Amino acid sequence: MAVKLRVSGIGKDYLIPVIETVSFGVEAGEFVCLLGPNGCGKTTLLRIIGGIEPATRGAVLLDEQPVVAGDAPSRKVGVVFQEDRLLPWMTLEQNVALVLKPLGLGADARREVARRHLALAGLGGFEHYYPGRVSGGMRQRTAIARALAIEPDVLLMDEPFGALDAQNRRIMQTEVRRIWKETGRTILFVTHSIEEAVAIGTTLVMLSARPSRIRELIRNDGRVARGQLIDDLNTMIMEEVERQQGGAAVTPRAKERE
Ligand SMILES: Nc1ncnc2c1ncn2[C@@H]1O[C@H](COP(=O)(O)OP(=O)(O)OP(=O)(O)O)[C@@H](O)[C@H]1O
Ligand SMILES: [Mg+2]
């Protein structure tokens, strides 16, 4: 299959080196889950891939074209963040339609595309609700509909279900799998949950402690039993968390938790 996305020797230094070097390829239609200890640079890597932030080293190629940070927001990449980032004074439909404006669609076309994607995300009939009047799960579905409405080649999701309770989280995992199958999109999904990654990803990428490298890249093709895979990944992440805590650099967020 064609390589959709190539992450080639990406590295990032802030005051401290965060990502040492990360390389992997993503084929069209893959569902890649990115795992790793807190603060190892998962969000940073996603932002670099999405062209939101420049890398210190390396390159990202989307359909063999380099992703240039700060370029006009690329039509090809949709992003779903941990928080839904909806505008409370707009209906769900208006929130989705808003992102279609820069694409030059007329008002009727924008409405039609927004409604279609809300239906895809299981929100048919809720188009005229305001974000404050629907559940957290429904807001997150709206955020997914909004990201898909631009028909991106690649969908980047950064812990999109982190704020949901366990039940809603499971429902959304099933839903995102269904949407992935229906749309054939290529998805890169960051999660803290090993169970979640094993349940939904076709490929699992485990990053090491900061400055991160790839610790393990696993094809989740059923060859290793799920329980075994979850155990192996749990062992790996514990080792990486320990390694990171043993290091000299402590993130401000880790300090807060102390
Ligand atoms: N804009 C920035 N300026 C300086 N340092 C930053 C910036 N963004 C992130 N960092 C640092 O880079 C490191 C990685 O941050 P990042 O948010 O990418 O980690 P993460 O793996 O997503 O963490 P988490 O699991 O908590 O979401 C952290 O030490 C963080 O403090
Ligand atoms: Mg993060």
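The values are calculated or read from the model by the stated rules, or taken from the named source; none is laboratory data. Computed from a predicted model, the values in this text were never measured in an experiment. Every residue, glycine among them, receives a Cβ derived from its backbone with ideal geometry; neighbour counts consider all protein chains shown.
Looking at the stretch 128-140, can you tell me whether even one residue there is under 27 Å from residue 5 (Cβ atoms) and not assigned by TED's automatic domain parsing to the domain that holds residue 28? Yes - at least one qualifying residue is present in the stretch 128-140. Under 6 Å by Cβ, and 6 or more places apart or on different chains, what pairs join a residue from the stretch 52-79 that is farther than 18 Å from residue 151 by Cα with one that is at pLDDT 95 or above and acidic (Asp, Glu)? Close Cβ pairs (under 6 Å, with a partner that is at pLDDT 95 or above and acidic (Asp, Glu)) amount to 56/13.
Each residue in the stretch 176-220 was checked for being in a strand (DSSP E or B) and either without any contact (Cβ under 8 Å) to a residue 60 or more places away in the chain or more than 16 Å from ligand 1 (Cβ to nearest atom) (or both), and 7 pass.
What do you reckon, is residue 69 outside any loop (DSSP other than H, G, I, E, B), farther than 16 Å from residue 153 by Cβ and among the aliphatic types (A, V, I, L, M)? Here the answer is no, as residue 69 does not meet what is asked. Screening residue 128 against (1) in a loop (DSSP other than H, G, I, E, B); (2) surrounded by 14 or more Cβ atoms within 10 Å (Cβ to Cβ) leaves a single unmet condition, (2).
Quick one: is residue 165 over 14 Å from the mean Cα position of the chain (by Cα), of a type in the set (Asp, Glu) and assigned by TED's automatic domain parsing to the domain that holds residue 219? Answer is yes for this residue. For the stretch 53-80, the set of residues classified as in contact with a Pro (Cβ under 9 Å, 6 or more places away or on another chain) and surrounded by 17 or more Cβ atoms within 10 Å (Cβ to Cβ) consists of 60, 74, 76, 77, 78, 79, 80, listed by residue number.
Checked against the criterion of being in a helix (DSSP H, G or I), buried (at least 21 other Cβ atoms within 10 Å of the Cβ) and assigned by TED's automatic domain parsing to the domain that holds residue 178, the candidates 10, 48 yield just one match: 48. The single condition among (1) modelled with pLDDT of 95 or more; (2) assigned to a loop (DSSP other than H, G, I, E, B) that residue 32 does not meet is (2). List the pairs whose first member sits in the stretch 27-48 and is under 15 Å from residue 193 (Cβ atoms), whose second member is assigned to a strand (DSSP E or B) and within 9 Å of ligand 2 (Cβ to nearest atom), and whose Cβ atoms are under 6 Å apart, counting only residues at least 6 apart or on separate chains? From the stretch 27-48, the pairs are 34/190; 42/190. Within the stretch 18-31, the presence of at least one residue that is of a type in the set (Phe, Trp, Tyr), surrounded by 21 or more Cβ atoms within 10 Å (Cβ to Cβ) and farther than 20 Å from residue 66 by Cα is confirmed.
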